[in-house]
1. Just need a number here: residues in the stretch 89-105 that are open to solvent by less than 50 Å² (accessible area, probe 1.4 Å), more than 11 Å from residue 78 (Cβ to Cβ), out of contact with any Cys (no Cβ under 7 Å at 6 or more places or on another chain) and assigned to a helix (DSSP H, G or I).
2. Looking at (1) of a type outside the set (Val, Ile, Thr); (2) over 15 Å from the mean Cα position of the chain (by Cα); (3) part of a helix (DSSP H, G or I), which is the one condition that is false for residue 110?
3. Mind listing just one residue for me: the one in the stretch 76-88 that is part of a helix (DSSP H, G or I) and out of contact with any Lys or Arg (no Cβ under 8 Å at 6 or more places or on another chain) and, of those, nearest to residue 36 (Cα to Cα)?
4. Output the residues belonging to the stretch 56-68 that are assigned to a helix (DSSP H, G or I), in contact with a helix residue (DSSP H, G or I) (Cβ under 8 Å, 6 or more places away or on another chain) and over 14 Å from residue 108 (Cβ atoms).
5. What number of residues in the stretch 64-73 are open to solvent by 10 Å² or more (accessible area, probe 1.4 Å) and closer than 20 Å to residue 118 by Cα?
6. Could you give every pair whose Cβ atoms fall below 8 Å, whose first residue belongs to the stretch 25-37 and is among the aromatic types (Phe, Trp, Tyr), and whose second residue is part of a helix (DSSP H, G or I), counting only separations of at least 6 or pairs across chains?
7. Among the residues that make up the stretch 74-85, is at least one of them under 30 Å from residue 11 (Cβ atoms), open to solvent by 20 Å² or more (accessible area, probe 1.4 Å), at pLDDT below 95 and of a type in the set (Gly, Ala, Ser)?
Amino acid sequence: MAKAEMQSLEQHLRDLVLLRGVRDRIDREYAQPLDVEALARGVNMSAGHLSRQFRLAYGEPPYSYLMTRRIERAMAMLRHGYLSVTEVCMEVGCSSLGTFSTRFTQLVGMSPSSYQRLSTHMAAGLAPCVAKQVTKPVRNREAQMRGPRVF
């Protein structure tokens with residue numbers, strides 16, 4: 001292997017480690033105000049470079065990954081039925097109810113309020129770990145959308 005190829009491979013591996021750190025940070029701090037610029041600063045990359053590299057590594061840009069993580073958490077909160085849709089929206093770190101509802105509908109196939117009504121009845125007999133698995137949203141599902149998916 002040529003020296004230039006070896007250096008390129010080493011840089012790629014270093015970038016993957018940084019990208020994993022970004023993904024882990026999103027998983028941990030999903031409810032915090034995160035944006036691509038802040039995430040990029042944390043790993044000394046430009047926002048554009050981070051977005052391109054993250055998409056190459058994980059199949060979607062960091063913002064989409066963050067929103068998917070927030071929607072997953074929102075689904076769990078809505079299944080319990082203790083909080084209103086607006087309260088859940090704020091708890092998962094979304095500042096706009098409209099953006100939250102739109103993204104939720106894109107990923108889940110129904111509005112948050114519809115999901116809350118249906119899931120509290122349908123998940124009543126399921127163990128929480130089973131309910132979480134069968135109701136998990138599928139990333140990049142917008143192109144595949146056929147109809148509502150609760151279970």
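The values are calculated or read from the model by the stated rules, or taken from the named source; none is laboratory data. The shown structure was predicted, so the numbers you read here are calculated from the model rather than taken from an experiment. Glycine gets a Cβ as well: all are built from the backbone with ideal geometry, and neighbour counts include every protein chain shown. We work out accessible area using only protein heavy atoms, side chains counted, and drop any ligands, DNA or RNA first. Shrake-Rupley method; radii C 1.70, N 1.55, O 1.52, S 1.80 Å.
1. 3
2. Failing condition for residue 110: (3).
3. 88
4. Listed by number, the residues that qualify are 57, 58, 62, 63, 65, 66.
5. Of the residues in the stretch 64-73, 3 are open to solvent by 10 Å² or more (accessible area, probe 1.4 Å) and closer than 20 Å to residue 118 by Cα.
6. The qualifying pairs are 30/66; 30/69; 30/70; 30/73.
7. No, the stretch 74-85 contains no residue that is under 30 Å from residue 11 (Cβ atoms), open to solvent by 20 Å² or more (accessible area, probe 1.4 Å), at pLDDT below 95 and of a type in the set (Gly, Ala, Ser).
For every residue, the table says whether it meets (1) farther than 21 Å from residue 29 by Cβ; (2) of a type in the set (Asp, Glu); (3) touching a Phe, Trp or Tyr at 6+ places or on another chain (Cβ under 8 Å); (4) free of Cβ contacts under 8 Å to residues at least 60 places away in the same chain.
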residue: 57; (1), (2), (3), (4): no, no, no, yes
residue: 77; (1), (2), (3), (4): no, no, no, yes
residue: 87; (1), (2), (3), (4): no, yes, no, yes
residue: 109; (1), (2), (3), (4): yes, no, no, yes
residue: 117; (1), (2), (3), (4): yes, no, no, yes
